[in-house]
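**Q** Starting off with a structure, shown below.
Quick note: the coordinates plus some simple rules give every number you see, no bench work behind them. Keep in mind that this is a model prediction, so the values were computed, not measured. Methodologically, a virtual Cβ is constructed for each residue, glycine included, from the backbone with ideal geometry; neighbour enumeration extends over all protein chains shown.
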Amino acid sequence: MKINIIYATILGTSQMLAEDLEEELSASHEVSVTDIMHLAIDDLYDGSFHVFISSTTGRGEIPDSAADFVADLKDAEPDLSALNFAIFGLGDMGYAETFNMGSQHLADLLTGFGAAQIGTRGLHDASAGDEPEDIAIPWVTDILAKLPAQAEAS
């Protein structure tokens, strides 16, 4: 399976997690990693399963690195009904009111244009002491294991 891991980052944690997932998944899948700053809408139509990773900034926003992609989506209003994706959020429960809202905003944007979110949104809490990859690897492995059944149900 082709998997494109797309990260939106502030301090680099999302990028490091994307690279950890790439290392974990590349033995059994064709995996690429893309900074959301370099993602074009057309890239969403390449037949890959897309895994988005987003941190949260400010008052619960998507990182600035995603600004152009978000603006492009809003301008183009593309039909993303062929896009299946999973999304993982990085946040800190110390900011409870905005905890992991960046990833939720990104998921809402994608589903608003018809994309299908597969599985529940993965969540990491920096204040819990767990490493992001310790949460994200089992999360994505579980989602990928259920994908064939998901396709048959469609």
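**Q** First check a/c for the stretch 52-139, with a ≥ b ≥ c the square roots of the eigenvalues of its C-alpha gyration tensor; if it is under 1.5, answer rounded, and if not, answer prolate when a/b is larger than b/c or oblate otherwise.
**A** It comes out oblate by the Cα gyration axes.
**Q** Follow-up. If the viscosity is 0.890 mPa s and the temperature 25 °C, what Stokes-Einstein diffusion coefficient in µm²/s follows for the stretch 1-89 when Rh is the Kirkwood radius over Cα pairs?
**A** Approximately 183 µm²/s, per Stokes-Einstein.
**Q** Moving on to the next point. In Å³ and rounded to a whole number, note down the convex hull volume per residue for the Cα atoms of the chain.
**A** 103
**Q** So, one more: Please compute the modelled spin-label separation between M1 and D134, points set 7 Å along Cα→Cβ, answer in nm with one decimal.
**A** Those two pseudo-labels are separated by 2.6 nm.
**Q** Quick one: length gained pulling R59 to M93 fully straight, 0.36 nm per residue minus the C-alpha distance?
**A** Additional length available on full extension: 10.9 nm.
**Q** Let me ask something else. According to a simple spin-label model (label point 7 Å from Cα along Cα-to-Cβ), what is the distance in nm between A67 and A82?
**A** Label at A82, label at A67, 3.2 nm between them.
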